[in-house]
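The values are calculated or read from the model by the stated rules, or taken from the named source; none is laboratory data. All values derive from a computational prediction rather than experimental measurement. With ideal geometry, Cβ positions are generated from the backbone for all residues, glycine too; neighbour counts draw on all protein chains shown.
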There are 2 protein chains.
Amino acid sequence: MELHPDVEHLAMLLGTWRGKGSGHYPTIEDFEYFEEVTFGHVGKPFIAYSQKTRDAATELPLHSEAGYFRPVGTTAVELVLVQPSGIVEIHDGILDGTTLRMESTAVLTTPTAKSVTTVHRMIAVGESTLSYDVHMAAVGLPLQHHLSAELHRQ
Amino acid sequence: MELHPDVEHLAMLLGTWRGKGSGHYPTIEDFEYFEEVTFGHVGKPFIAYSQKTRDAATELPLHSEAGYFRPVGTTAVELVLVQPSGIVEIHDGILDGTTLRMESTAVLTTPTAKSVTTVHRMIAVGESTLSYDVHMAAVGLPLQHHLSAELHRQ
């Protein structure tokens with residue numbers, strides 16, 4: 001399937017990436033994880049994103065999320081994302097070279113989910129690596145660093 | 001991976017389903033589609049949902065969506081769902097036998113997405129079939145029937 005021309009500038013994301021990450025937040029124990037991320041396309045003007053992590057010690061499933069990147073011209077992007085913890089995120093993003101900087105414009109949670117109000121997501125793509133950082137404001141605490149990982153193209 | 005006991009009453013959803021559906025809305029041409037739906041689990045208290053459709057005439061990719069079902073006790077469910085058209089949905093649902101009836105409590109869209117304000121989703125699981133109906137209020141029109149499909153367990 002040929003890549004839609006509207007997402008050509010996001011082609012550096014496409015493929016499967018694996019690696020290791022770590023997370024921390026004042027209300028939880030620090031943790032490390034193995035991660036697999038896939039960015040795919042079906043010839044339409046969006047990039048499908050899915051992600052799964054496993055606990056680095058036990059290898060048990062930890063987190064997952066899914067979403068779609070929607071280009072707005074060649075330097076902006078919208079992201080819609082969903083998490084099994086009952087969280088949906090909408091982001092506005094800016095593409096600067098091969099770095100995507102996204103800030104949530106809306107985060108909604110289901111009635112039984114933990115409160116999350118703001119998420120910032122940065123994704124930087126190198127020659128064969130993808131690194132990211134996630135900042136999060138949750139459970140009444142201010143926006144702060146939560147996750148970072150470095151993944152390698154498979 | 002053993003099923004988490006909190007989602008045992010949703011086990012009838014698990015697996016891959018394929019079949020045909022049709023859609024209509026006052027602002028678009030009627031359409032028919034082939035669909036594949038997967039409900040999966042990783043041993044945690046949620047069910048992962050993903051879906052893809054292809055145009056029944058051209059077999060080209062049409063729609064996709066992804067989300068997570070979160071049980072609340074044994075008769076209620078929360079659903080978070082995301083669509084590449086720039087839409088996120090949060091639903092409250094009720095399980096009645098093997099029929100899930102979900103009504104959106106929030107629908108948010110990205111700045112460039114079409115307006116959708118309310119979505120109702122009904123999923124009924126039979127012995128080897130899964131049928132669903134989607135009602136939608138979009139682009140200023142009242143809530144009305146949009147999609148129905150009958151899928152078969154693979």
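Looking for whichever is over 20 Å from A:S50 (Cβ atoms), within 12 Å of chain A (Cβ to nearest Cβ), among the aliphatic types (A, V, I, L, M) and surrounded by 16 or more Cβ atoms within 10 Å (Cβ to Cβ) here; the options are B:V82, B:V77. Which one fits?
B:V77 is the lone residue from the list that is over 20 Å from A:S50 (Cβ atoms), within 12 Å of chain A (Cβ to nearest Cβ), among the aliphatic types (A, V, I, L, M) and surrounded by 16 or more Cβ atoms within 10 Å (Cβ to Cβ).
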Hey, B:A48 more than 14 Å from chain A (Cβ to nearest Cβ), farther than 16 Å from B:V134 by Cβ and either at pLDDT 95 or above or under 19 Å from the mean Cα position of the chain (by Cα) (or both) or not: no
Conditions (1) within 14 Å of another protein chain (Cβ to nearest Cβ); (2) out of contact with any helix residue (DSSP H, G or I) (no Cβ under 6 Å at 6 or more places or on another chain); (3) surrounded by fewer than 20 Cβ atoms within 10 Å (Cβ to Cβ); (4) of a type outside the set (S, T, Y); number of the one not met by A:H41: (3)
Residue within the stretch A:114-134 that is modelled with pLDDT of 95 or more, in a strand (DSSP E or B), surrounded by 15 or more Cβ atoms within 10 Å (Cβ to Cβ) and within 11 Å of chain B (Cβ to nearest Cβ) present: no
Residue tally, condition outside any strand (DSSP E or B) and acidic (D, E), over the stretch A:25-71: 1
Residue, surrounded by the fewest Cβ atoms within 10 Å (Cβ to Cβ), within the stretch A:51-74, restricted to residues that are more than 7 Å from every other protein chain (Cβ to nearest Cβ) and within 23 Å of A:L3 (Cα to Cα): A:G73
From the options B:D96, B:D92, B:D30, residue that is within 20 Å of B:H135 (Cβ to Cβ), surrounded by fewer than 18 Cβ atoms within 10 Å (Cβ to Cβ) and within 8 Å of chain A (Cβ to nearest Cβ): B:D92
Check on A:K20, farther than 24 Å from A:L108 by Cβ and out of contact with any helix residue (DSSP H, G or I) (no Cβ under 7 Å at 6 or more places or on another chain): yes
Pairs, first within 23 Å of B:T110 (Cβ to Cβ) in the stretch B:127-154, second surrounded by 13 or more Cβ atoms within 10 Å (Cβ to Cβ) and of a type in the set (F, W, Y), C-beta under 6 Å, six or more apart: B:H146/B:Y25
Qualifying positions in the stretch A:98-113 - out of contact with any helix residue (DSSP H, G or I) (no Cβ under 7 Å at 6 or more places or on another chain) and either of a type in the set (S, T, N, Q) or at pLDDT below 95 (or both): A:T99, A:S104, A:T105, A:T109, A:T110, A:T112
Residue that is surrounded by the fewest Cβ atoms within 10 Å (Cβ to Cβ), among those in the stretch A:1-27 that are modelled with pLDDT of 95 or more and among the aliphatic types (A, V, I, L, M): A:A11
